[in-house]
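Only one structure is covered here, and it is reproduced in the block below.
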Amino acid sequence: MLEINKIRLNKENVIELLKVKNFKYAEEKINTLLILDEKKRQVQKELEDIKADLNIKSKVIGKFMKEGSKLEAENAKIEVANLKDSSKELEVQMVEKEKEIEDLLLSIPNLPHYSVPKGKTAEDNIIESNFGEIPKLYDGATPHWELCTKYDIVDFELGNKITGAGFPVYKGKGAKLQRALINFFLDEAEKNGFSEVQPPLMVNEASALATGQLPDKEGQMYSIPLDGFYMIPTAEVPITNIFRDVIVQEKDFPICKSAYSQCFRREAGSYGKDVRGLNRLHQFDKVEIVCIDHPEHSYKQLEIMKQHVESLLKKLELPYRVLRLCGGDISFTAALTFDFETYSAAQERWLEVSSVSNFETFQSNRLKLRFKNQEGKTQLAHTLNGSALALPRILASLLENNQTPEGIKIPEVLVPYTGFRLIN
RNA sequence: GGAGAGAUGGGUGAGUGGCUGAAACCAACAGUUUGCUAAACUGUCGUACUCGUAAGGGUACCGGGGGUUCGAAUCCCCCUCUCUCCGCCA
């Protein structure tokens, strides 16, 4: 959620930036917002003046009562009753205005960083860098879903039976490979200064609201209505909520956390080749990294997070590319996002395996995540997060790219974790 | 799941209707002094919104929401959470 004060001060600038995000009706919405804000403050002033008056008069009544001046007290009570009526009316107006303002604010996306390119779709994203060779596969090479069956390492049919589509069962070396990847990612994160947490996989409504899953993305989460909980779509939700309503110490910056969790997404509306095999699942594993930092250093931190993700992909020997997302493709909440895609050689397509973003104060405003700055004033901190990494598509790329007639080769860095070099 | 107790500022904790935005102590911060890795003393020390060029005002907040009252941290109702005991259980 954007800060209303900043919109008030930089109206034209805000409108321009919203246009980069292809936000429709930017001008109209901002204008409406500012008019509402102006009115709200008028009402607020009026209301608070009346309340101040009420507070004083109530104290006077108290004095009369003590002195035993019953008549004066009764008269004052009548006077106060009138004031109360008008304050009630204003109070209703006030609540209405605040609600309208909040609803409007919630519908406005984050402002893009100045470096975000203009553009409408994923086609307009900028390829920042390319790393690694695209492997040439042997003649009998097949997509990962066939490899999974061939070597009996991921069983989609069995998952269908137990739960439904998108809930595969990992078996044998497949299950071990999952465990290896998780441990590898966690160890690497720790080496790079991210301290590990193991958060709950369900969150309450307040948490889902604070990170923006609610109200608009409710349909993307699995929910447990009986208890009012939601299955997390990403560990970002519980980790970021560690810092909800918290004032952190400036000296603790940057605060860096990592967490492994399973993620649950309903993925309503997905279809076709996007959901084939491991490409898109309802339940999947991911190691997430989250950072909290000073506004002046957050972009430097974003760079550090990017490097961390790149180092993982390099160590796994996967060909990848880094995309700077354009205004049209960047998420509602992010100011700047880099996507990482690995090449999946049998499908002959790039798969998104990580997304690293700076949210600036967009999340922290809702979270009320602040720090005391050097003047001793509380100020919103910047939040950043990224996947490091999501497993299924990494697995897909590994299986496809490393297949040989003899079997699937395990990258060298993973061998200490798997205990085997070949799936055959 | 059953029975009981509780939730106050960074922490401990006082406060049962007006003098309480909240005592006291601790921690923290700033300063003074003493010549010694520290003590003593003095001062500062919640958050948000809002009015004002500023100085300085105002409003709200004592787990969350609602109610009673001229007036609520304090009384009533609902919810959440914590603790103790019992039951059940990985």
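Toward the positive end of the charge dipole of chain A, with +1 on the Cβ of Lys and Arg and -1 on the Cβ of Asp and Glu, the farthest Cα among A:G159, A:I394, A:S331 is that of A:G159.
For a Förster distance of 51 Å, can you work out the FRET efficiency between the beta-carbons of A:L226 and A:N75, rounded to the nearest 0.05? Using R0 = 51 Å, I get an efficiency of 0.40. Our coupling estimate for segment A:158-168, obtained by passing each phi through the Karplus curve with A = 6.51, B = -1.76, C = 1.60 and θ = phi - 60°, is 5, x, 4, 5, 6, 10, x, 4, x, 10, x Hz, Gly and Pro reported as x. Taken along the Cα-to-beta-carbon direction at a fixed 7 Å, the label points for A:K251 and A:V413 span 3.5 nm.
Segment A:125-172 and segment A:284-331 have their alpha-carbon centroids 23 Å apart. Couplings for segment A:308-316, taken from phi via the Karplus curve 6.51 cos²θ - 1.76 cosθ + 1.60 with θ = phi - 60°, read 4, 4, 4, 5, 5, 5, 5, 5, 7 Hz in order; Gly and Pro are left as x. Remark on A:N385: its backbone amide H falls under 5 Å from those of A:C291, A:S357, A:F359, a criterion applied only to residues 5 or more positions apart or on other chains, H modelled at 1.01 Å from N. When the GluC sites (Glu not before Pro) in segment A:330-374 are filtered for DSSP coil states and for at most 14 other beta-carbon atoms within 10 Å of their beta-carbon, the remaining sites are A:E348. On full extension, the segment bounded by A:E100 and A:K300 gains 68.4 nm, given 0.36 nm per residue less the C-alpha separation.
Whole-Hz Karplus values for segment A:410-424 come out as 8, x, 3, 4, 8, 4, x, 8, 7, x, 9, 10, 9, 9, 8 Hz, taken residue by residue from phi with 6.51 cos²θ - 1.76 cosθ + 1.60 and θ = phi - 60°; glycine and proline positions read x. Maximal additional length on extending the A:D85-A:Q307 stretch stands at 73.8 nm, based on 0.36 nm per residue less the C-alpha distance. Relative to one another, the C-alpha centroids of segment A:225-275 and segment A:66-85 are positioned 54 Å apart. Against chain A, whose longest principal axis comes from its Cα atoms, helix A:26-67 is set at around 50 degrees. Against chain A, whose longest principal axis is taken from its Cα atoms, helix A:70-106 shows a tilt of about 30°. Helix A:11-20 and the long axis of chain A differ in direction by around 20°, with both axes built from C-alpha atoms. In the context of the full set of protein chains, segment A:122-423 has a per residue accessible area of 44 Å² (1.4 Å probe).
Label positions at A:E38 and A:N424, each projected 7 Å from the Cα along the C-beta direction, are separated by 7.7 nm.
Taking Rh as the Kirkwood radius computed over C-alpha pairs, what is the Stokes-Einstein D of segment A:122-423 at 25 °C in a medium of viscosity 0.890 mPa s, expressed in µm² per second? Value of D from the Cα-based Kirkwood radius: 123 µm²/s. With a 10 Å cut-off between alpha carbons and a GNM built on chain A, which of A:C291, A:C148, A:C326 moves the most? Highest fluctuation among the options: A:C148. With a simple spin-label model that places each label point 7 Å from the Cα along the Cα-to-Cβ direction, the separation between A:D49 and A:D216 comes to 3.8 nm. Taking amide H atoms as placed 1.01 Å from N in the peptide plane, the amide H of A:C263 lies under 5 Å from those of A:F284, A:D285, A:K286, each 5 or more residues away in sequence or on another chain.
Among the chymotrypsin sites (Phe, Trp or Tyr not before Pro) in segment A:197-296, those placed in a DSSP loop whose Cβ has at most 16 other Cβ atoms within 10 Å are A:Y222, A:Y271.
The values are calculated or read from the model by the stated rules, or taken from the named source; none is laboratory data. Everything numeric in this text was worked out from a predicted model, so none of it was measured. All Cβ positions, even for glycine, are placed from backbone atoms using ideal geometry, and neighbour counts span all protein chains on display. To get the accessible areas, we keep the full protein, side chains included, count just its heavy atoms, and leave off ligands, DNA and RNA. Shrake-Rupley method; radii C 1.70, N 1.55, O 1.52, S 1.80 Å.
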